[in-house]
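The values are calculated or read from the model by the stated rules, or taken from the named source; none is laboratory data. Keep in mind it's a predicted model, so treat the numbers as computed, not measured. Backbone-built Cβ (ideal geometry, glycine too); neighbour counts: all protein chains shown. When the accessible area is computed, the model is the full protein with side chains, heavy atoms only, and any ligands, DNA or RNA have been set aside. Shrake-Rupley method; radii C 1.70, N 1.55, O 1.52, S 1.80 Å.
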Amino acid sequence: MITALYASLLTILMIWLALQVIKQRHANKVAYADGGVEPLQIARSAQSNAMDYISITSILMGFAEFNGMHVWLVHIIGIAFITGRIIHAKGILGKSLKGRVLGMKMTLACMVSLIVLNLVYLPFAQLF
């Protein structure tokens, strides 16, 4: 299953973002929440945003692939989604609104594409 490749690569991004949170916690001696420390708030925001979008999009990608979506579509969406997530994460961590906006546009475009493709490839004959 090709989705496993993209889920694995996205998990690397999620681990990297978690390490950014840990780094800020250690540097600022904050054990819980964000302690009102802006760099930690930013790191937590980047991590939580990634967790929200990566999870559901990976599930949608897996379902679409399972239902017979063309391999090349899986790769195009996977590459675009990873690129969007990296741009967005770097935008949050670097305080770049332009990066955040571009990353979210790419993320949402992939999600909407997967919604449509899941409906197109859904085996309606097997639903009833």
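Summary of computed values
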item: Rounded tilt (10° steps) of 3-28 against the dominant C-alpha axis of the chain; result: 10 degrees
item: Student exercise, the chain dipole from Lys, Arg, Asp, Glu Cβ charges, in Debye to nearest 20; result: 500 debye
item: Nearest-ten-degree value, helix 71-93 long axis tilted from longest Cα axis of the chain; result: 20 degrees
item: Residue range of the chain that is longest and free of trypsin sites (Lys or Arg not before Pro) which are both DSSP loop and sparsely packed (at most 14 other C-beta within 10 Å); result: 30-94
item: Between helix 38-66 and the chain: long-axis angle, C-alpha atoms, 0 to 90°, nearest 10; result: 10 degrees
item: Per DSSP, loop chymotrypsin sites (Phe, Trp or Tyr not before Pro) in region 1-102 with at most 16 further Cβ within 10 Å; result: Tyr32
item: Pairs of Cα atoms farther than 15 Å apart, region 53-128, %; result: 55 percent
item: Reciprocal of mean inverse Cα separation for the chain (Kirkwood radius, Å); result: 15.6 Å
item: Dipole axis of the chain (+1 Lys, Arg; -1 Asp, Glu on Cβ), positive-most option in Val71, Ala109, Ile92; result: Ile92
item: Å² of accessible area per residue within the chain, as computed with a 1.4 Å probe and no ligands counted; result: 59 Å²
item: Karplus 3J(HN,Hα) series, Hz, for region 108-118 with 6.51 cos²θ - 1.76 cosθ + 1.60 (x for Gly, Pro); result: 5, 5, 5, 5, 5, 4, 5, 4, 4, 5, 5
item: Cβ-defined net charge surrounding Gln24, 13 Å radius [Lys, Arg +1; Asp, Glu -1]; result: +2
item: Mean residue ellipticity (222 nm) of the chain, computed from DSSP H runs ≥ 4 via -39,500 (n - 2.57), nearest 500; result: -28500 deg cm²/dmol
item: Alpha-carbon centroids, region 1-42 and region 100-128: separation in whole Å; result: 27 Å
item: Fraction of accessible area attributable to carbon and sulfur, the chain (%, probe 1.4 Å); result: 70 percent
